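Step one of this worksheet: look at the structure below.
The values are calculated or read from the model by the stated rules, or taken from the named source; none is laboratory data. Computed from a prediction, not measured in an experiment: that's the story for all the values here. Note that we place each Cβ from the backbone using ideal geometry, even for glycine, and neighbour counts take in every protein chain shown. These area figures cover heavy atoms from the full protein model, side chains too; ligands, DNA and RNA do not enter into them. Shrake-Rupley method; radii C 1.70, N 1.55, O 1.52, S 1.80 Å.
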Amino acid sequence: MKKVRGIGGIFFKCNDPKVMKDWYDKNLGFGNEQWGTNFEWREADSEKKGSTVWSPFPATTKYFEPSAKDYMINYIVEDLAGLVAQLKKDGVTVLDDIEDSDYGKFVHILDPEGNKVELWEPKDE
């Protein structure tokens, strides 16, 4: 079963997300949306579009909890429900129920060192 097909996002804590977004926009040409920027790409040998989000969060965010790390990686997956069932069977800690949003389906797991990982099944375009 194919599990991860790309990195969906890089999220990190910082003291001032606006200053970070402005700096990266000015110095490295990132777009500057409210939440960060979005890098679009196509999968190899396919017309399937994908994207990777770069997003600074306030240092006080609780979104990465229970992980104590200042970052969280989001991975793009296929068949999130099937993957979650397999992860549970394999003893992986699944933190929440699958959430269905305008952007697709999301769930959070913990890796062996307690890092929170976000899994995302995007909606097809």
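The table below lists the values:
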{"read-out": "Cβ-defined net charge surrounding Val19, 15 Å radius [Lys, Arg +1; Asp, Glu -1]", "value": "+1"}
{"read-out": "Cα long-axis angle, helix 17-28 against the chain (0 to 90 degrees, to the nearest 10)", "value": "80"}
{"read-out": "Helix-only [θ]222 nm of the chain, DSSP H runs n ≥ 4, -39500 (n - 2.57) each, per residue, nearest 500", "value": "-5500 deg cm²/dmol"}
{"read-out": "Tensor-based shape of segment 38-83 (alpha-carbon gyration tensor, a/c under 1.5 rounded, otherwise prolate or oblate)", "value": "oblate"}
{"read-out": "Per residue value of the accessible surface for segment 30-125 (all protein chains in place, 1.4 Å probe), Å²", "value": "63"}
{"read-out": "Ranked by how many other beta carbons lie within 10 Å on average, peptides 100-106, 70-76, 89-95, 44-50 from highest", "value": "70-76, 100-106, 89-95, 44-50"}
{"read-out": "Inverse mean reciprocal Cα-Cα distance (Kirkwood Rh) of segment 1-46, Å", "value": "12.7"}
{"read-out": "Rounded to 10°, Cα long-axis angle of helix 80-89 versus longest principal axis of the chain", "value": "60"}
{"read-out": "Relative contact order of the chain, defined on C-alpha pairs under 8 angstrom at six or more residues apart (%)", "value": "27"}
{"read-out": "Residue among Ser51, Val107, Ala81 farthest towards the positive dipole end of segment 45-125, charges placed on Cβ", "value": "Val107"}
{"read-out": "Accessible-area composition of the chain, carbon plus sulfur, in percent [1.4 Å probe]", "value": "50"}
{"read-out": "Pairwise label distance in nanometres, Lys62 with Tyr75, each label 7 Å out on the Cα-Cβ vector", "value": "2.7"}
